[in-house]
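Just passing along the structure, written as C-alpha coordinates.
The values are calculated or read from the model by the stated rules, or taken from the named source; none is laboratory data. This structure is a prediction, so every number in the text was calculated from the model and none was measured. Positions of Cβ are generated from backbone atoms using ideal geometry, with glycine treated the same way; all protein chains shown enter the neighbour counts.
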Amino acid sequence: MAREVIRIRNEFYIRSSSSRVDVRNRVLKQGDTFAVFDRFGDIETFGTGELGVYYQDTRFLSCLTLKLGKDRPLLLSSTVRQDNAVMAVDATNPDSWRDGEIVIPRGTVHVFRSKILWEKTCHERLRIHNYGRAAVDISFSIEFDADFADIFELRGTKRERRGRRLEPQVTKDGLVLAYEGLDNRLRRTRIVFDPPPTRLNESVATFQIRLESGKDASYRCAIACEVDGDSRNEIGPCYENVVEEAASALERVRAQEPQIFTGNEQFNDWLNRSLADLHMMRTETPYGPYPYAGVPWFSTVFGRDVIITALQCLWFDPSVARGVLAYLGSYPSRRAQTGAGCGAWQGAA
(Lines give C-alpha, C1' and ligand atoms only; values in the text may rest on other atoms or scores of the structure.)
Protein backbone atom coordinates (compact mmCIF):
# COMPACT_ATOMS: atom_id res chain seq x y z
CA MET A 1 0.00 0.00 0.00
CA ALA A 2 1.34 3.46 -0.91
CA ARG A 3 2.52 5.56 1.97
CA GLU A 4 -0.39 7.76 3.06
CA VAL A 5 1.38 10.24 5.35
CA ILE A 6 4.56 12.04 4.38
CA ARG A 7 6.56 13.93 6.99
CA ILE A 8 8.93 16.74 6.04
CA ARG A 9 10.68 18.12 9.11
CA ASN A 10 7.80 18.95 11.47
CA GLU A 11 5.07 19.14 8.83
CA PHE A 12 2.80 16.36 7.61
CA TYR A 13 1.33 15.89 4.15
CA ILE A 14 -1.43 13.42 3.23
CA ARG A 15 -1.84 11.86 -0.20
CA SER A 16 -4.99 13.15 -1.90
CA SER A 17 -6.06 9.54 -2.55
CA SER A 18 -5.91 8.65 1.15
CA SER A 19 -9.03 8.26 3.29
CA ARG A 20 -7.25 10.31 5.94
CA VAL A 21 -8.17 13.51 4.09
CA ASP A 22 -11.62 13.09 5.63
CA VAL A 23 -11.31 15.35 8.67
CA ARG A 24 -14.78 14.76 10.14
CA ASN A 25 -14.44 13.74 13.77
CA ARG A 26 -16.53 11.86 16.32
CA VAL A 27 -17.07 13.19 19.85
CA LEU A 28 -18.00 11.45 23.10
CA LYS A 29 -18.38 13.04 26.54
CA GLN A 30 -19.32 11.90 30.02
CA GLY A 31 -18.77 14.02 33.11
CA ASP A 32 -15.34 15.67 33.05
CA THR A 33 -14.09 13.18 30.45
CA PHE A 34 -14.41 13.67 26.72
CA ALA A 35 -12.85 12.12 23.63
CA VAL A 36 -12.38 13.19 20.03
CA PHE A 37 -11.74 10.42 17.47
CA ASP A 38 -11.48 10.38 13.71
CA ARG A 39 -14.09 8.43 11.75
CA PHE A 40 -12.03 5.23 12.04
CA GLY A 41 -12.20 5.45 15.83
CA ASP A 42 -8.50 6.29 15.92
CA ILE A 43 -6.47 9.08 17.49
CA GLU A 44 -3.85 10.20 14.99
CA THR A 45 -0.73 12.14 15.95
CA PHE A 46 -0.95 14.65 13.12
CA GLY A 47 -3.57 17.03 11.77
CA THR A 48 -5.40 19.77 13.63
CA GLY A 49 -4.34 18.39 17.01
CA GLU A 50 -7.62 18.03 18.91
CA LEU A 51 -7.90 14.21 18.77
CA GLY A 52 -7.48 12.46 22.11
CA VAL A 53 -9.04 11.33 25.36
CA TYR A 54 -9.21 14.14 27.91
CA TYR A 55 -9.92 14.40 31.62
CA GLN A 56 -9.98 17.67 33.56
CA ASP A 57 -8.53 19.58 30.59
CA THR A 58 -5.55 17.23 30.19
CA ARG A 59 -5.06 14.85 27.26
CA PHE A 60 -4.54 11.42 28.78
CA LEU A 61 -4.37 9.62 25.42
CA SER A 62 -2.75 11.23 22.38
CA CYS A 63 -2.41 8.21 20.08
CA LEU A 64 -4.65 5.20 19.41
CA THR A 65 -4.42 3.54 16.01
CA LEU A 66 -5.66 0.13 14.89
CA LYS A 67 -3.95 -1.75 12.05
CA LEU A 68 -4.65 -5.08 10.39
CA GLY A 69 -1.17 -6.37 9.67
CA LYS A 70 0.66 -3.26 8.44
CA ASP A 71 -2.39 -1.51 6.99
CA ARG A 72 -5.27 0.53 8.25
CA PRO A 73 -8.69 -1.14 7.89
CA LEU A 74 -10.98 0.08 5.11
CA LEU A 75 -13.79 2.20 6.55
CA LEU A 76 -17.37 1.12 5.80
CA SER A 77 -19.35 3.35 8.17
CA SER A 78 -18.94 5.42 11.30
CA THR A 79 -21.55 6.95 13.55
CA VAL A 80 -22.34 8.11 17.07
CA ARG A 81 -25.58 6.76 18.49
CA GLN A 82 -28.50 9.18 18.58
CA ASP A 83 -28.14 9.64 22.34
CA ASN A 84 -24.42 10.51 21.92
CA ALA A 85 -23.38 7.68 24.25
CA VAL A 86 -21.75 5.11 21.93
CA MET A 87 -19.53 5.41 18.86
CA ALA A 88 -19.68 2.55 16.35
CA VAL A 89 -17.31 1.87 13.45
CA ASP A 90 -17.64 -0.77 10.73
CA ALA A 91 -14.55 -1.61 8.69
CA THR A 92 -13.07 -4.42 6.64
CA ASN A 93 -9.65 -5.66 5.60
CA PRO A 94 -7.69 -4.53 2.55
CA ASP A 95 -6.03 -7.17 0.35
CA SER A 96 -3.45 -9.03 2.40
CA TRP A 97 -0.39 -10.05 0.38
CA ARG A 98 2.27 -12.68 1.00
CA ASP A 99 5.04 -13.60 -1.43
CA GLY A 100 3.34 -11.68 -4.22
CA GLU A 101 -0.05 -13.38 -3.74
CA ILE A 102 -3.27 -12.28 -2.07
CA VAL A 103 -3.81 -14.56 0.92
CA ILE A 104 -6.81 -12.72 2.40
CA PRO A 105 -8.94 -10.91 -0.22
CA ARG A 106 -10.35 -7.51 0.53
CA GLY A 107 -13.68 -7.66 2.38
CA THR A 108 -13.13 -11.11 3.90
CA VAL A 109 -12.86 -9.91 7.48
CA HIS A 110 -15.32 -7.54 9.13
CA VAL A 111 -14.08 -5.31 11.96
CA PHE A 112 -16.56 -3.72 14.35
CA ARG A 113 -15.43 -1.19 16.95
CA SER A 114 -17.61 0.43 19.60
CA LYS A 115 -16.60 2.94 22.26
CA ILE A 116 -18.18 4.52 25.30
CA LEU A 117 -16.97 6.81 28.10
CA TRP A 118 -17.93 6.04 31.66
CA GLU A 119 -16.45 7.16 35.00
CA LYS A 120 -13.17 8.58 33.63
CA THR A 121 -12.61 5.51 31.45
CA CYS A 122 -12.85 4.93 27.71
CA HIS A 123 -14.19 1.41 27.08
CA GLU A 124 -13.80 -0.17 23.66
CA ARG A 125 -15.04 -3.48 22.24
CA LEU A 126 -13.48 -4.89 19.09
CA ARG A 127 -15.14 -7.75 17.21
CA ILE A 128 -13.53 -9.44 14.20
CA HIS A 129 -15.61 -11.79 12.02
CA ASN A 130 -14.40 -14.05 9.21
CA TYR A 131 -16.89 -14.08 6.32
CA GLY A 132 -14.56 -16.07 4.10
CA ARG A 133 -14.92 -19.75 3.20
CA ALA A 134 -11.57 -20.70 4.68
CA ALA A 135 -9.79 -20.11 7.97
CA VAL A 136 -7.60 -17.00 8.16
CA ASP A 137 -4.59 -16.10 10.27
CA ILE A 138 -4.80 -12.45 11.28
CA SER A 139 -2.42 -10.12 13.03
CA PHE A 140 -3.67 -6.79 14.30
CA SER A 141 -2.07 -4.17 16.47
CA ILE A 142 -3.07 -1.18 18.57
CA GLU A 143 -0.58 1.65 18.95
CA PHE A 144 -0.98 4.12 21.81
CA ASP A 145 0.69 7.02 23.59
CA ALA A 146 -0.09 9.76 26.11
CA ASP A 147 1.48 13.23 25.98
CA PHE A 148 -0.42 14.69 28.99
CA ALA A 149 -0.71 18.05 27.22
CA ASP A 150 -3.10 20.58 28.72
CA ILE A 151 -5.88 22.07 26.66
CA PHE A 152 -4.27 25.51 26.28
CA GLU A 153 -1.01 23.97 25.14
CA LEU A 154 -2.91 22.19 22.36
CA ARG A 155 -4.57 25.46 21.40
CA GLY A 156 -1.16 27.04 20.82
CA THR A 157 0.08 28.38 24.15
CA LYS A 158 3.85 28.01 24.41
CA ARG A 159 5.20 26.51 27.61
CA GLU A 160 8.61 27.30 29.02
CA ARG A 161 8.65 24.21 31.21
CA ARG A 162 6.77 20.94 31.44
CA GLY A 163 6.57 18.17 33.98
CA ARG A 164 8.32 14.83 33.47
CA ARG A 165 7.20 11.58 31.92
CA LEU A 166 7.74 8.54 34.11
CA GLU A 167 8.84 5.14 32.94
CA PRO A 168 5.90 3.06 31.62
CA GLN A 169 4.85 0.08 33.70
CA VAL A 170 4.09 -2.91 31.47
CA THR A 171 2.25 -6.01 32.70
CA LYS A 172 0.88 -9.09 30.98
CA ASP A 173 -2.51 -7.54 30.15
CA GLY A 174 -1.83 -3.81 30.16
CA LEU A 175 0.35 -0.90 31.10
CA VAL A 176 0.44 2.46 32.86
CA LEU A 177 1.72 5.67 31.26
CA ALA A 178 2.45 8.33 33.88
CA TYR A 179 3.33 12.01 34.12
CA GLU A 180 4.37 14.13 37.12
CA GLY A 181 3.30 17.72 36.60
CA LEU A 182 4.92 20.92 37.82
CA ASP A 183 2.07 21.01 40.34
CA ASN A 184 3.45 17.73 41.81
CA ARG A 185 0.28 15.90 40.84
CA LEU A 186 0.66 12.44 39.36
CA ARG A 187 -1.45 11.68 36.28
CA ARG A 188 -1.74 8.16 34.90
CA THR A 189 -3.22 6.57 31.80
CA ARG A 190 -4.00 2.96 32.69
CA ILE A 191 -4.68 0.63 29.72
CA VAL A 192 -6.01 -2.91 30.16
CA PHE A 193 -6.67 -5.51 27.43
CA ASP A 194 -8.98 -8.51 27.65
CA PRO A 195 -7.83 -11.02 26.54
CA PRO A 196 -4.14 -10.09 26.93
CA PRO A 197 -2.17 -9.28 23.76
CA THR A 198 0.21 -11.77 22.18
CA ARG A 199 2.95 -9.15 22.53
CA LEU A 200 2.93 -5.92 24.48
CA ASN A 201 5.45 -3.14 24.96
CA GLU A 202 5.26 0.49 26.04
CA SER A 203 3.67 1.67 22.78
CA VAL A 204 2.12 -1.26 20.85
CA ALA A 205 -0.14 -4.21 21.66
CA THR A 206 -0.06 -6.99 19.03
CA PHE A 207 -2.60 -9.79 18.68
CA GLN A 208 -2.29 -12.99 16.62
CA ILE A 209 -5.49 -14.94 15.98
CA ARG A 210 -6.78 -17.70 13.75
CA LEU A 211 -10.42 -17.49 12.70
CA GLU A 212 -12.30 -20.38 11.17
CA SER A 213 -14.87 -19.67 8.47
CA GLY A 214 -17.94 -17.93 9.91
CA LYS A 215 -16.36 -17.44 13.36
CA ASP A 216 -15.58 -14.26 15.24
CA ALA A 217 -13.43 -13.10 18.13
CA SER A 218 -14.06 -10.27 20.61
CA TYR A 219 -11.56 -8.09 22.44
CA ARG A 220 -12.00 -5.40 25.04
CA CYS A 221 -9.82 -2.47 25.99
CA ALA A 222 -10.26 -0.02 28.86
CA ILE A 223 -8.32 3.25 29.12
CA ALA A 224 -8.66 4.92 32.51
CA CYS A 225 -7.66 8.48 33.43
CA GLU A 226 -6.25 8.67 36.96
CA VAL A 227 -5.06 11.61 39.05
CA ASP A 228 -3.15 11.14 42.32
CA GLY A 229 -5.25 8.90 44.58
CA ASP A 230 -7.59 7.77 41.79
CA SER A 231 -5.33 4.78 41.03
CA ARG A 232 -7.17 1.45 40.90
CA ASN A 233 -5.82 -2.06 40.63
CA GLU A 234 -8.76 -3.14 38.49
CA ILE A 235 -10.76 -1.42 35.77
CA GLY A 236 -14.32 -2.58 35.68
CA PRO A 237 -17.04 -3.32 34.93
CA CYS A 238 -16.93 -4.89 31.47
CA TYR A 239 -18.05 -3.13 28.30
CA GLU A 240 -21.58 -4.57 28.18
CA ASN A 241 -22.28 -3.56 31.79
CA VAL A 242 -20.97 -0.05 31.14
CA VAL A 243 -23.39 0.40 28.22
CA GLU A 244 -26.29 -0.71 30.42
CA GLU A 245 -25.27 1.67 33.24
CA ALA A 246 -24.94 4.59 30.83
CA ALA A 247 -28.36 3.87 29.31
CA SER A 248 -29.95 3.66 32.77
CA ALA A 249 -28.39 6.96 33.85
CA LEU A 250 -29.68 8.67 30.72
CA GLU A 251 -33.17 7.24 31.23
CA ARG A 252 -33.24 8.63 34.77
CA VAL A 253 -32.50 12.11 33.43
CA ARG A 254 -35.12 11.79 30.68
CA ALA A 255 -37.73 10.59 33.17
CA GLN A 256 -37.56 14.01 34.88
CA GLU A 257 -38.31 15.84 31.63
CA PRO A 258 -41.60 16.18 29.75
CA GLN A 259 -41.95 14.14 26.56
CA ILE A 260 -42.62 16.38 23.58
CA PHE A 261 -44.00 15.21 20.24
CA THR A 262 -45.39 17.14 17.29
CA GLY A 263 -46.89 16.28 13.93
CA ASN A 264 -43.75 17.53 12.17
CA GLU A 265 -41.10 14.80 11.98
CA GLN A 266 -38.35 17.23 11.03
CA PHE A 267 -39.11 19.33 14.08
CA ASN A 268 -39.10 16.19 16.24
CA ASP A 269 -35.68 15.23 14.89
CA TRP A 270 -34.33 18.70 15.57
CA LEU A 271 -35.73 18.67 19.10
CA ASN A 272 -34.38 15.19 19.91
CA ARG A 273 -30.96 16.12 18.54
CA SER A 274 -30.90 19.27 20.69
CA LEU A 275 -31.89 17.35 23.81
CA ALA A 276 -29.27 14.66 23.15
CA ASP A 277 -26.58 17.32 22.78
CA LEU A 278 -27.72 19.02 25.97
CA HIS A 279 -27.62 15.71 27.84
CA MET A 280 -24.09 15.07 26.59
CA MET A 281 -22.82 18.47 27.73
CA ARG A 282 -24.59 18.17 31.09
CA THR A 283 -22.05 17.45 33.83
CA GLU A 284 -22.91 16.48 37.39
CA THR A 285 -21.18 18.69 39.98
CA PRO A 286 -21.48 18.80 43.80
CA TYR A 287 -24.00 21.62 43.27
CA GLY A 288 -26.13 19.89 40.64
CA PRO A 289 -26.13 19.55 36.84
CA TYR A 290 -24.06 22.06 34.86
CA PRO A 291 -23.95 22.17 31.03
CA TYR A 292 -20.37 22.63 29.84
CA ALA A 293 -19.78 25.03 26.96
CA GLY A 294 -18.47 22.79 24.17
CA VAL A 295 -16.10 20.05 23.03
CA PRO A 296 -13.17 20.07 22.61
CA TRP A 297 -11.84 23.49 23.58
CA PHE A 298 -14.56 24.62 25.98
CA SER A 299 -15.54 21.48 27.86
CA THR A 300 -15.54 23.26 31.19
CA VAL A 301 -17.51 25.69 33.33
CA PHE A 302 -18.55 28.95 31.65
CA GLY A 303 -20.81 31.59 33.15
CA ARG A 304 -22.77 33.80 30.75
CA ASP A 305 -23.31 31.07 28.13
CA VAL A 306 -24.68 28.60 30.67
CA ILE A 307 -26.92 31.16 32.38
CA ILE A 308 -28.60 31.66 29.00
CA THR A 309 -28.84 27.89 28.51
CA ALA A 310 -30.35 27.41 31.97
CA LEU A 311 -32.91 30.14 31.27
CA GLN A 312 -33.94 28.49 28.01
CA CYS A 313 -34.27 25.09 29.76
CA LEU A 314 -36.15 26.47 32.76
CA TRP A 315 -39.62 25.59 31.48
CA PHE A 316 -38.93 21.87 31.04
CA ASP A 317 -36.02 21.12 33.41
CA PRO A 318 -35.53 23.59 36.29
CA SER A 319 -32.80 21.38 37.81
CA VAL A 320 -30.33 22.81 35.26
CA ALA A 321 -30.94 26.38 36.45
CA ARG A 322 -30.73 25.22 40.07
CA GLY A 323 -27.37 23.56 39.46
CA VAL A 324 -25.97 26.51 37.51
CA LEU A 325 -27.00 29.13 40.09
CA ALA A 326 -25.75 27.02 43.00
CA TYR A 327 -22.41 26.44 41.29
CA LEU A 328 -21.83 30.08 40.34
CA GLY A 329 -23.10 31.26 43.72
CA SER A 330 -20.47 29.17 45.49
CA TYR A 331 -17.69 31.37 44.05
CA PRO A 332 -16.79 34.94 45.06
CA SER A 333 -18.55 37.55 42.98
CA ARG A 334 -16.24 38.68 40.20
CA ARG A 335 -16.96 40.27 36.86
CA ALA A 336 -15.08 37.47 35.07
CA GLN A 337 -17.26 34.86 36.73
CA THR A 338 -20.09 35.53 34.25
CA GLY A 339 -17.89 36.47 31.33
CA ALA A 340 -17.52 34.46 28.17
CA GLY A 341 -14.04 33.33 29.12
CA CYS A 342 -14.43 32.13 32.72
CA GLY A 343 -13.52 28.52 32.03
CA ALA A 344 -12.36 26.60 35.10
CA TRP A 345 -9.10 25.37 33.63
CA GLN A 346 -7.61 22.36 35.41
CA GLY A 347 -5.04 21.21 32.84
CA ALA A 348 -1.77 19.41 33.50
CA ALA A 349 0.98 21.59 34.93
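Here is a check on your reading of the model: is Leu250 touching a His at 6+ places or on another chain (Cβ under 7 Å) and within 28 Å of Cys122 (Cβ to Cβ)?
yes
To continue, here is another question. Test Glu240 against the stated conditions and say whether it is within 30 Å of Val109 (Cβ to Cβ), in a loop (DSSP other than H, G, I, E, B) and in the same structural domain as Lys67 (by TED's automatic domain parsing).
No; evaluated as a whole, the condition is false for this residue.
Within the range 128-161, work out how many residues are assigned to a strand (DSSP E or B) and either loosely packed, with under 14 Cβ neighbours inside 10 Å or free of Cβ contacts under 8 Å to residues at least 12 places away in the same chain (or both).
1
Sticking with this one: Suppose we filter the range 258-272 for residues that are surrounded by fewer than 13 Cβ atoms within 10 Å (Cβ to Cβ), in a helix (DSSP H, G or I) and in contact (Cβ under 8 Å) with a residue 40 or more places away in the chain; how many remain?
0
Name the residues in the range 88-121 that are under 30 Å from Thr58 (Cβ atoms) and basic (Lys, Arg), would you?
Arg113, Lys115, Lys120
Of the conditions (1) without any contact (Cβ under 8 Å) to a residue 12 or more places away in the chain; (2) surrounded by 14 or more Cβ atoms within 10 Å (Cβ to Cβ); (3) at positive phi, Gly100 fails just one. Which one is it?
Failing condition for Gly100: (2).
For the range 252-305, which residues satisfy the criterion of being β-branched (Val, Ile, Thr) and either at pLDDT 90 or above or at positive phi (or both)?
Thr262, Thr283, Thr285
Looking at the range 278-306, which of its residues are surrounded by 15 or more Cβ atoms within 10 Å (Cβ to Cβ) and in a helix (DSSP H, G or I)?
Leu278, His279, Met280, Met281, Asp305, Val306
Do you know which residues across the range 162-181 are in contact (Cβ under 8 Å) with a residue 12 or more places away in the chain, outside any loop (DSSP other than H, G, I, E, B) and within 16 Å of Ile223 (Cβ to Cβ)?
Listed by number, the residues that qualify are Val170, Gly174, Leu175, Val176, Leu177, Ala178, Tyr179.
Another question about this same structure. Could you list, in sequence order, all residues of the range 44-67 that are modelled with pLDDT of 95 or more and in contact with a Phe, Trp or Tyr (Cβ under 6 Å, 6 or more places away or on another chain)?
Within the range 44-67, Val53, Tyr54, Cys63, Leu64 meet the criteria.
Right, next: Which condition number does Gln82 fail, the rest of (1) part of a strand (DSSP E or B); (2) within 19 Å of the chain's Cα centre (by Cα); (3) surrounded by fewer than 16 Cβ atoms within 10 Å (Cβ to Cβ) being met?
Failed condition: (1).
Yes or no: the range 109-121 includes at least one residue that is out of contact with any Asp or Glu (no Cβ under 9 Å at 6 or more places or on another chain), closer than 25 Å to Tyr54 by Cα, in the same structural domain as Ala217 (by TED's automatic domain parsing) and in a strand (DSSP E or B). Before you say what the answer is, go through the steps one by one.
Our first condition is that a residue be out of contact with any Asp or Glu (no Cβ under 9 Å at 6 or more places or on another chain); within the range 109-121, this holds for 109, 117, 121.
After this cut, where a residue has to be closer than 25 Å to Tyr54 by Cα as well, the list is 117, 121.
Narrowing the set further to residues that are in the same structural domain as Ala217 (by TED's automatic domain parsing) leaves 117, 121.
With in a strand (DSSP E or B) added as a condition, the list becomes 117, 121.
Yes, there is a match, as at least one residue in the range 109-121 is out of contact with any Asp or Glu (no Cβ under 9 Å at 6 or more places or on another chain), closer than 25 Å to Tyr54 by Cα, in the same structural domain as Ala217 (by TED's automatic domain parsing) and in a strand (DSSP E or B).
Could you list all residues from the range 307-333 that are in a loop (DSSP other than H, G, I, E, B) and either within 16 Å of Ser274 (Cα to Cα) or touching a residue at least 24 places away in the same chain (Cβ under 8 Å) (or both)? Steps first, please.
Initial filter on the range 307-333 (in a loop (DSSP other than H, G, I, E, B)): 314-317, 330-333.
Of everything in the range 307-333, those that are in a loop (DSSP other than H, G, I, E, B) and either within 16 Å of Ser274 (Cα to Cα) or touching a residue at least 24 places away in the same chain (Cβ under 8 Å) (or both) turn out to be Leu314, Trp315, Phe316, Asp317, Ser330.
Leu250: buried (at least 16 other Cβ atoms within 10 Å of the Cβ), assigned to a strand (DSSP E or B) and not assigned by TED's automatic domain parsing to the domain that holds Pro318, yes or no?
no
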